[in-house]
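Below: one structure, written as structure tokens.
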Amino acid sequence: MKAVETVLRNRRPHWVGDGFPVRTLFSHATAGGAISPFLLLHYAGPHEFPPATHPRGVEEHPHRGFETVTIVYQGELEHRDSAGNHGSIGPGDVQWMTAGAGVLHEEFHSQRFAESGGTLEMVQLWVNLPARVKMTPPRYQELRAAEIPTVDLPAGAGTARVIAGDLQGAKGPAQTFTPVYLWDLRLKNGGTTELSLPDGYAAAVVVQRGQLVLNDAESLKPMDVALFRRSGDRITIAAEEDATALLLSGEPIDEPVAAHGPFVMNTHEEIRQAIDDYQAGRFGRMRAEA
Ligand code: MN
């Protein structure tokens, strides 16, 4: 059994741009290597936006050295980057963007969502890259809800959407550089599920709705995050209400982390280089709007 190491609670919201009221549910700065290969998780909303003529969001900014994974639950987002990728993602869709050597991008509500207004609920997860691929060319994976398999958990405990890694023979569509499991869990009140995860992997459960009990011991409410010890090869999750939660697990990247805003490298020299490259325009350019 992977024992629960820490439960992180009570994160206060702050705004990212004018479009994303987020809570930082965990970050490398506070949790350190315990969450590796993950660096940060922002949970935005649920937040009601009134109709607007101009989409809200975050203006052009750079990233280097890691991946951003955006999961939309409600609302619709639009993304544009310097590698020429452009797309909108709605409920159930996931965008897995590899910043690698560097991208500039902007993240906004879609024009359609801005005009209609409504509820926004999403997660953005940052996944680290090992030193050998930090400077890999940028990559953009748009994973539509329809390509993400859903499996029924044993004993009617609920369902899991398999975004990355495999579960009960279903394989998540995300391509990753190191082994990562990312499962969107919908658990039924009264159900208990046991999940097998590799010994030595980091693991976390992030609760969005409902109340969970982990390993018959630890009670979690919405916005709580349980971080597990690396040792052990399974966890149990019991739902005391209908619940929505994310399970994250992965092979730790045990390398030094030098993080500065949108850049996550291994050394301070590499951070200085990233800032230089960004300021000198070596991250490319956003294309003019079509
Ligand atoms: Mn970004």
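The values are calculated or read from the model by the stated rules, or taken from the named source; none is laboratory data. What you see is a predicted model, and the numbers here were worked out from it, not measured in a lab. Neighbour counts are summed over all protein chains in view; Cβ atoms, including those assigned to glycine, are modelled from backbone coordinates with ideal geometry. Note: areas computed on protein heavy atoms with side chains; ligands, DNA, RNA excluded. Shrake-Rupley method; radii C 1.70, N 1.55, O 1.52, S 1.80 Å.
For the chain, the gyration tensor built on C-alpha atoms gives an oblate shape. Its axis ratio a/c (a ≥ b ≥ c) is at least 1.5, and a/b is not larger than b/c. By how many degrees, between 0 and 90 and to the nearest 10, does the Cα long axis of helix 268-279 differ from the longest principal axis of the chain? The two axes meet at around 50 degrees.
In this structure, the amide hydrogen of A83, modeled 1.01 Å from its nitrogen in the peptide plane, lies closer than 5 angstrom to those of L104, counting only residues at least 5 positions away or on a different chain.
Residue-wise HN-Hα couplings along region 202-216, as the Karplus relation 6.51 cos²θ - 1.76 cosθ + 1.60 with θ = phi - 60° gives them from phi, are 5, 8, 8, 10, 10, 9, 9, 9, x, 10, 10, 10, 9, 6, 6 Hz; Gly and Pro carry x.
Remark: region 1-84 carries 41 Å² of accessible area per residue (probe radius 1.4 Å; ligands, DNA and RNA excluded).
When a 1.4 Å probe is rolled over the protein heavy atoms, the share of accessible surface on the chain that falls to carbon and sulfur comes to 48 percent. Note on A280 and A29: their simple-model spin labels are 2.8 nm apart, each label 7 Å out from Cα toward Cβ.
Model label sites at N189 and T119, defined 7 Å from Cα along the beta-carbon direction, differ in position by 1.7 nm.
Amide H contacts for H260 (H built 1.01 Å from N in the peptide plane; partners 5 or more residues away or on another chain; cut-off under 5 Å): M265.
Considering only D184, D277, D224, the mean-square fluctuation computed in a Gaussian network model of the chain, springs between alpha carbons under 10 angstrom, is largest for D277. Along region 137-150 the Karplus relation, 6.51 cos²θ - 1.76 cosθ + 1.60 evaluated at θ = phi - 60°, assigns HN-Hα couplings of x, x, 9, 9, 10, 9, 9, 6, 3, 5, 8, 9, x, 10 Hz to successive residues, with x for each Gly and Pro.
Accessible surface calculations at 1.4 Å, restricted to protein heavy atoms, place region 195-274 at 41 Å² per residue. Placing a pseudo-label 7 Å from each Cα along the Cα-to-Cβ vector at E218 and M135 gives an inter-label distance of 3.8 nm.
A cut-off of 5 Å between modelled amide H atoms, ignoring neighbours fewer than 5 places along the same chain, links E5 with L227, F228, R229. Backbone geometry of region 16-27 corresponds, through the Karplus equation with coefficients 6.51, -1.76 and 1.60 at θ = phi - 60°, to 3J(HN,Hα) couplings of 10, x, 10, x, 10, x, 10, 10, 7, 7, 7, 8 Hz, x marking Gly and Pro. Annotation: extensible slack from E5 through V151 equals 49.8 nm (criterion: 0.36 nm per residue apart, minus Cα-Cα distance). Averaged per residue, region 95-192 has 38 square angstrom of accessible surface, using a 1.4 angstrom probe with ligands and nucleic acids left out.
The residues packed around K221, meaning those with a beta-carbon under 15 Å from its beta-carbon, carry a net charge of -1 if Lys and Arg are +1 and Asp and Glu are -1.
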